[in-house]
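S.K.: For reference, the structure I am asking about is given below.
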């Protein structure tokens, strides 16, 4: 009888232990599942928030400073020029597309336009600046005084691209020697510090006075390709600028980049 009771007690104890273990395993499995569900929900919420932030981020290109001028040449052709520095004030890189400049009269009427302008660089990173500049003959007027204003329409879009920027050194500027010369010429050396070959190099120089006021843009390109660490000289004296900027330039800032499709 005692042996039977003893055996029965051992059996009951074993069953109790197994039941407790089973209950514990069941409880732990339920907790793990809840934790996994919570982690999955947090990850989904984080991904959704990231997607929303990406959707909100965009490029915004604004004209930081602009200037224009008009004049008559020796055979009474009327010329007008427009220059601007534009800044990406958005959160994404901006790809600049078509640019058109409108030259207006006192009443806001369009007297002439300039199109096919290029921004340097064409892709502007957030917080960075690009230069544009062009000059043209205005055939609808007989006097330069008729041109009262100028403004630019700039097409742009957000992009994932980054510009392939190049370094410059030994930048100098000089005034034109006579009335037939451009008011200023900017020279220097462009350097390809990138591993990729630069085969379509475009440059622009922003001209500033002693107070840092923007006076105009000169732009151009070079005809040679540069491998990594390659160097080439450049001269910038286009577009034509009004004579009244002569004698005012105190600082020049040059941007160079490799254009690509």
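Each value in this text was obtained by applying a stated rule to the coordinates, not by laboratory testing. Model, not experiment: these values are computed from the prediction. Please note: Cβ atoms are built from the backbone with ideal geometry, for glycine as well, and neighbour counts cover all protein chains shown.
S.K.: Which condition number does residue 90 fail, the rest of (1) assigned to a strand (DSSP E or B); (2) buried (at least 16 other Cβ atoms within 10 Å of the Cβ) being met?
M.R.: (1)
S.K.: Follow-up question, since we're still on this one. In region 232-248, how many are surrounded by 15 or more Cβ atoms within 10 Å (Cβ to Cβ) and farther than 26 Å from residue 101 by Cα?
M.R.: Counting residues in region 232-248 that are surrounded by 15 or more Cβ atoms within 10 Å (Cβ to Cβ) and farther than 26 Å from residue 101 by Cα gives 2.
S.K.: Tell me which residues, restricted to region 234-243, are under 13 Å from residue 185 (Cα atoms) and part of a loop (DSSP other than H, G, I, E, B).
M.R.: Once the filter is applied, which keeps residues that are under 13 Å from residue 185 (Cα atoms) and part of a loop (DSSP other than H, G, I, E, B), region 234-243 yields 237, 239, 240, 241.
S.K.: Working only within region 208-233, note down all residues that are part of a strand (DSSP E or B) and closer than 22 Å to residue 130 by Cβ.
M.R.: Correct list: 208, 214, 215, 216, 217, 218, 219, 220, 221, 226, 232.
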